[in-house]
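The values are calculated or read from the model by the stated rules, or taken from the named source; none is laboratory data. Keep in mind that what you see is a predicted model, and the values were worked out from it rather than measured. Please note: Cβ atoms are built from the backbone with ideal geometry, for glycine as well, and neighbour counts cover all protein chains shown.
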Amino acid sequence: MYEYNAKLLTVIDADTMKLEVDLGFKVWMRLTFRLARINAPELYSFEGVAAKAFVLSQLTNAVAFKVASSRSEKYGRWLCEFLYQTSDRKGVWQNLNNQLLEAKHAVRYKH
């Protein structure tokens, strides 16, 4: 699994987002990522709106982002563990994938 620094561009729904990823050597790429291991409700449902609101609330004070990824899925999105730091907890990387599971805004993805 590879880890990259990133900039958050857009939260599409609770488990999908657009990021600008630092590939190194001053090369940045805009890509769509899907959070690995989890499945959140679709945005057209009440639960989906609540899950997206949870994600936005978690990322409100975020100051740094990382993604750990090694492959894409069938729709071309990159699967990732999404990590972030907040201004009040600098130095501590929090895992959004795990937080969605713990808050019951997502379930484990079953293959």
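Which one of these does A51 not meet: (1) modelled with pLDDT of 95 or more; (2) surrounded by fewer than 16 Cβ atoms within 10 Å (Cβ to Cβ); (3) among the hydrophobic types (A, V, I, L, M, F, W, C); (4) over 12 Å from the mean Cα position of the chain (by Cα)?
(2) is the only condition that A51 fails.
Just the residues that are touching a residue at least 40 places away in the same chain (Cβ under 8 Å), assigned to a strand (DSSP E or B) and out of contact with any Phe, Trp or Tyr (no Cβ under 6 Å at 6 or more places or on another chain), please, taken from segment 71-97.
L79, E81, F82
Tell me, which residue of segment 55-70 that is closer than 15 Å to V21 by Cβ and either of a type outside the set (F, W, Y) or without any contact (Cβ under 8 Å) to a residue 12 or more places away in the chain (or both) is surrounded by the fewest Cβ atoms within 10 Å (Cβ to Cβ)?
Per the stated criteria, the residue is S70.
Consider only pairs whose beta carbons are under 8 Å apart and that are at least six residues apart or on different chains; among these, list those whose first residue lies in segment 42-54 and is touching a residue at least 12 places away in the same chain (Cβ under 8 Å) and whose second residue is among the small types (G, A, S) and assigned to a helix (DSSP H, G or I).
Qualifying pairs under 8 Å: E42/G48.
Under the condition of being of a type in the set (K, R) and more than 18 Å from T60 (Cα to Cα), which residue from segment 71-111 is nearest to the chain's Cα centre (by Cα)?
R77
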